[in-house]
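The values are calculated or read from the model by the stated rules, or taken from the named source; none is laboratory data. As the structure is a prediction and not an experimental result, all values here were calculated from the model. Cβ coordinates were reconstructed from backbone atoms using ideal geometry, including for glycine residues, and neighbour counts include every protein chain displayed.
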Amino acid sequence: MKTAITEMFGIEHPIIQGGMHYVGFAEMAAAVSNAGGLGIITGLTQGTPEKLANEIARCKDMTDKPFGVNLTILPTLTPPDYPGLVKAIIEGGVTVVETAGRNPVDLLPPLKDAGIKVIHKCTSVRHSLKAQEIGCDAVSVDGFECGGHPGEDDVPNFILLPRAADELEIPFVSSGGMADGRSLVASLAMGAQGMNMGTRFIATKEAPVHENVKQAILAASELDTRLVMRPLRNTERVLNNAAVERLIQKEKDLGDAITIQDILPEVAGVYPKIMMEGAMDEGAWSCGMVAGLIYDIPTCKELIDRIMLQAEEIIARMQAMARA
Ligand SMILES: Cc1cc2nc3c(=O)[nH]c(=O)nc-3n(C[C@H](O)[C@H](O)[C@H](O)COP(=O)(O)O)c2cc1C
């Protein structure tokens with residue numbers, strides 16, 4: 001399938017694996033890219049520019065295909081070494097960067113000078129337009145369904161995607177709640193040029209996470225995620241567990257007086273224990289409502305091939321309907 005996104009990124013299928021903390025290692029990115037999609041290494045998970053450079057080199061050993069690096073711009077007091085991470089990306093010969101979080105304007109000049117394509121992930125039409133205005137090449141439009149940070153507007157993709165199509169000139173992909181060929185065709189129908197998936201890619205053979213994480217996604221239904229940290233205006237969609245219930249109780253008890261300090265036990269530094277050790281109740285971890293549509297653990301190639309086949313079948317069925 002050829003779309004503006006496959007052309008822009010030099011990939012076979014219009015399917016992107018969004019950056020995911022403690023999931024987006026070289027194994028994940030290479031598996032998706034080898035299957036014809038765009039795999040993405042998560043920059044901040046690597047920690048330092050040197051470690052990111054090493055991860056990029058490992059990914060290059062595993063695939064000849066294009067892959068990207070995610071740079072999430074967090075509101076922290078001690079920011080990561082973004083210039084160093086950007087340097088590692090450029091020197092590593094990476095061709096695509098997925099930015100997320102805050103406005104990426106400060107990162108753009110060196111990336112653009114190096115000829116790197118930048119896709120900014122954001123959760124509203126106004127932020128998408130801002131990304132277009134500052135020179136991003138594409139946008140990943142992340143609806144309310146998404147795993148991770150859906151923003152504070154709560155607009156689901158059935159509204160958000162056509163709204164983005166009505167306003168944007170640069171290409172965009174859908175993100176949030178995407179799982180299969182139906183998601184891809186629906187995204188294309190609503191004006192997207194491809195789709196981005198997070199949670200779905202965790203439940204694959206190659207995802208370098210503990211088996212417990214994959215089984216938790218399989219066991220979860222669309223009713224099992226919760227929104228946390230809304231009082232801090234840093235809303236995150238996570239899979240419900242004992243730590244999340246504790247966190248929500250604190251939010252109820254403390255109301256507007258709650259601070260990040262109050263919930264540090266549930267959110268700080270929990271990802272390695274969950275993703276690497278499979279300690280599933282250790283804290284809050286991002287997961288999309290799409291867990292309800294995930295029933296198996298295929299390889300990335302099986303997953304992507306299946307999505308493309310299903311998408312083609314649906315399009316053919318629709319063409320037959322339109323002609324009837
Ligand atoms: C476990 C997990 C960790 C994530 N970490 C990040 C991250 O570090 N940076 C980022 O930009 N997005 C992150 N995301 C969001 C994904 O890139 C993607 O936008 C989202 O999962 C899409 O929604 P879906 O899960 O419904 O497919 C994360 C998502 C998950 C499930």
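For residue 136, are the conditions met, namely being in contact with a Pro (Cβ under 9 Å, 6 or more places away or on another chain), within 16 Å of the ligand (Cβ to nearest atom) and under 28 Å from residue 184 (Cβ atoms)?
Criteria met by residue 136.
Which residues, taken from the stretch 236-294, are within 16 Å of the ligand (Cβ to nearest atom), small (Gly, Ala, Ser) and out of contact with any Ser or Thr (no Cβ under 9 Å at 6 or more places or on another chain)?
243, 268, 269, 278, 279, 283, 284
Name the residue that is surrounded by the fewest Cβ atoms within 10 Å (Cβ to Cβ), counting only residues in the stretch 117-142 that are closer than 14 Å to residue 171 by Cβ, in contact with a Cys (Cβ under 8 Å, 6 or more places away or on another chain) and of a type outside the set (Ser, Thr, Tyr).
118
Test residue 263 against the criterion of being among the hydrophobic types (A, V, I, L, M, F, W, C), at pLDDT 95 or above and either in the same structural domain as residue 279 (by TED's automatic domain parsing) or surrounded by fewer than 19 Cβ atoms within 10 Å (Cβ to Cβ) (or both), and give yes or no.
So residue 263 fits the description; yes.
Going residue by residue through the stretch 81-89, is there one that turns out to be farther than 17 Å from residue 42 by Cβ, outside the structural domain of residue 260 (by TED's automatic domain parsing) and assigned to a loop (DSSP other than H, G, I, E, B)?
No.
Please tell me if residue 223 is surrounded by fewer than 17 Cβ atoms within 10 Å (Cβ to Cβ), of a type in the set (A, V, I, L, M) and farther than 20 Å from residue 300 by Cα.
Answer is yes for this residue.
Considering only residues that are aliphatic (A, V, I, L, M) and within 11 Å of the ligand (Cβ to nearest atom), which ones fall in the stretch 145-201?
The answer is 173, 178, 179, 195, 197.
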